[in-house]
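Data first, discussion second: the structure below is written as structure tokens.
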Amino acid sequence: MSLKISIIGGGVAGLCVARELVDRGADITLYERGDGIGKHACSWWAGGMLAPYCEGETAEDIVVQLGLKAADWWQKSVGKGAKSGRKGAEKAQKVRKNGTLVVSLARDHADLQRFTRRTKYFTRLDADEISRLEPDLKDRFSKGLFFENEAHLSPREVMMTLRDLLVFEGVKFIRDEVEPELIAKDGLTIDCRGLAAKDNLADLRGVKGEMLMLSCLDVNISRPVRLLHPRIPIYIVPRGDGIYMLGATMIESSGGKYATARSVLELLSAAYALNPAFGEAEILEIGVDSRPAFPDNIPRVGKNGNVISINGLYRHGFLLAPAMAQMVAAHIFDNKSLEMKHEYSA
Amino acid sequence: MMRKFYGTELSNGLMLGTAQYPSPAILADAFERSGAAVATVSLRRESGRDKAGQDFWELIQRLGVHVLPNTAGCHTVKEAVTTAHMAREIFGTKWIKLEVIGEEDLLHPDVFGLVEAARVLSEDGFEVFPYCTEDLVVADKLLNAGCEVLMPWGAPIGSGQGLNNLFGLRALRAHFPDVPLVIDAGLGLPSHAAQAMELGFDAVLLNTAVAKAGEPALMAEAFGLALKAGQMAALADPMEKRDMAAPSTPVIGKAFLS
């Protein structure tokens, strides 16, 4: 008989854990808030960059290491060749492995210089090379960095696809807000609630992020572009069909349902600096949420009785959830310890 | 001799900002290793209203140093005053680092708005630390408005240029011998902090130079040491510069004026 496990939380962490545990033959029930996957999970608002090397600018080395295999994990789990759930699932947005471009305006070349010193595995580009890579950025930037081995995905599509696949494979999704302690009376429970678990995790905090979804058919950018700036670094991630995700602010704040005018102004002016044609973009959405983070901005897995918790994925949900999920599966089925080790990136 | 800041004696003259660190854990490490006496915190008004920044503020308060909230990013007197009130309520301190920005490229203080806001806040019982330039007239007006501390810039915020106008800063120090003076903004290296202390300034306030260093805590410690070195040098009564070489060992047997 297969092991019954409950997962609480239908964000990227919960879904990845479900994927790993189902692969090990577990019988999974997943509790999610609200009306199914969507706005309740901060992963819904994520950029979807699988960019471990770029994140290394500020993130600790373990974040880089644990994120190295994320793109392959996602490719295997939801890309072409993944077991198809329902009709159409096989067409799901593939993980695009076409790298990351990092640029700055001439006045902020000091920031580019610093980025160069803090990161690894890139090539330096001049103006011509930048415009060969992204013709719509022609003549706008004289220097840039290209991180060839990075990837991106479309968080919402990927989450929906993964959910469909899990439903197809027998995972029961229940729309209910439940307490881990109560559920755990009936068996092993994985708490993936993010900020909602704050009552149990004293040093968990929220880091507010604001983002925009733009539709701009005049601009064609094929890969994530990071525009460095001393105060307002932004990134833009193409979602295909002229849709771009523009993000994201990082504010030490756990609340706020709305984006501020200032943040939106700053994000938009950065997009405008990238290419003035973004001035004609339509704003499809203004999104806000808070990322759960621990003081060192590194995720944690912990165990208390029958409850295993994964939390603090910060701005690295899609990058780190696969490794965290593998760690939990290895603990449950192979009796491995829950310490953060680089081996899970292998 | 350590000048007091509104009656408070600080253990040292290092004031560290709390923004832009890779993580709060690294921030805390930077404070511990540098021994900084004051933490400045900027308050975004939208996070003050519903106390949404509570987790971060508690973290700052746990550092166990004096908290100096600031009005970073404010462009008008009204914004700065509102932010100051919010900060007083949240942090329970009368101290406020007053920033009224007048120009975006250099983040140059709007000295007119600054003086006005300083007057409003001082009358309301705040102890104002105004972010100003080395302008003597502005400094005088700030003191008349009720300020008992001045915070002239070394260079534009975040520029890392060090002390751009040595002459002006010396003049400021000489002109207001009894006023606590803090070099605020523009420092990039520990040697800049040492230089400020050598000039007789009472403290330095910096953020980017530490937060954006590859190893913030290590850089913070370096700043702490430099500050101490500069302070000791100032106390040691440095030698005067001279135009000619002066041999430190007597040259026996040589004519004086050959």
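Would you check if there is a residue in the range A:265-274 being touching a residue at least 24 places away in the same chain (Cβ under 8 Å), of a type in the set (D, E, K, R) and within 23 Å of A:GLY194 (Cβ to Cβ)? No, the conditions are met nowhere in the range A:265-274. Screening the candidates B:GLU32, B:GLU79, B:GLU89 for the property of being under 21 Å from the mean Cα position of the chain (by Cα) and either more than 9 Å from chain A (Cβ to nearest Cβ) or in a loop (DSSP other than H, G, I, E, B) (or both) yields one hit, B:GLU32.
Residues considered: B:LEU63, B:LEU59. Of these, the only one that is hydrophobic (A, V, I, L, M, F, W, C), part of a loop (DSSP other than H, G, I, E, B) and surrounded by fewer than 23 Cβ atoms within 10 Å (Cβ to Cβ) is B:LEU63. Residues that are outside any helix (DSSP H, G or I), surrounded by fewer than 21 Cβ atoms within 10 Å (Cβ to Cβ) and at pLDDT below 95 within the range B:189-214 comprise B:LEU199, B:GLY200, B:ALA213, B:GLY214, listed in sequence order. Filtered by the rule that a residue be closer than 27 Å to A:ARG117 by Cβ and part of a helix (DSSP H, G or I), the range A:134-169 gives a lone residue, A:LEU137.
Looking across the range A:213-236 at every residue that is out of contact with any strand residue (DSSP E or B) (no Cβ under 9 Å at 6 or more places or on another chain) and within 14 Å of another protein chain (Cβ to nearest Cβ), the one that is farthest from A:GLU148 (Cα to Cα) is identified as A:ARG231.
The residue list B:LEU163, B:LEU227 contains one member that is crowded, with 22+ Cβ neighbours inside 10 Å, more than 14 Å from chain A (Cβ to nearest Cβ) and touching a residue at least 40 places away in the same chain (Cβ under 8 Å), which is B:LEU227. The residue list A:GLY194, A:GLY206, A:GLY170, A:GLY144 contains one member that is closer than 19 Å to A:GLY34 by Cα, touching a residue at least 40 places away in the same chain (Cβ under 8 Å) and either over 24 Å from the mean Cα position of the chain (by Cα) or crowded, with 19+ Cβ neighbours inside 10 Å (or both), which is A:GLY194. Regarding A:ARG239, is this residue modelled with pLDDT of 95 or more, outside any helix (DSSP H, G or I) and away from chain B (no Cβ under 14 Å)? Here the answer is no, as A:ARG239 does not meet what is asked. Restricting attention to the range A:249-262 and to residues that are outside any loop (DSSP other than H, G, I, E, B) and at the interface with chain B (Cβ under 9 Å from one of its Cβ atoms), the residue that is surrounded by the most Cβ atoms within 10 Å (Cβ to Cβ) turns out to be A:ILE251. Answer yes if at least one residue in the range B:144-160 is in contact (Cβ under 8 Å) with a residue 24 or more places away in the chain and in a helix (DSSP H, G or I), and no otherwise. No. Exactly one residue among B:VAL204, B:VAL182 is in contact with a His (Cβ under 9 Å, 6 or more places away or on another chain) and within 23 Å of B:TYR6 (Cα to Cα), and that residue is B:VAL204.
The values are calculated or read from the model by the stated rules, or taken from the named source; none is laboratory data. What you see is a predicted model, and the numbers here were worked out from it, not measured in a lab. Cβ sites come from the backbone with ideal geometry, for glycine too, and all protein chains shown count toward neighbours.
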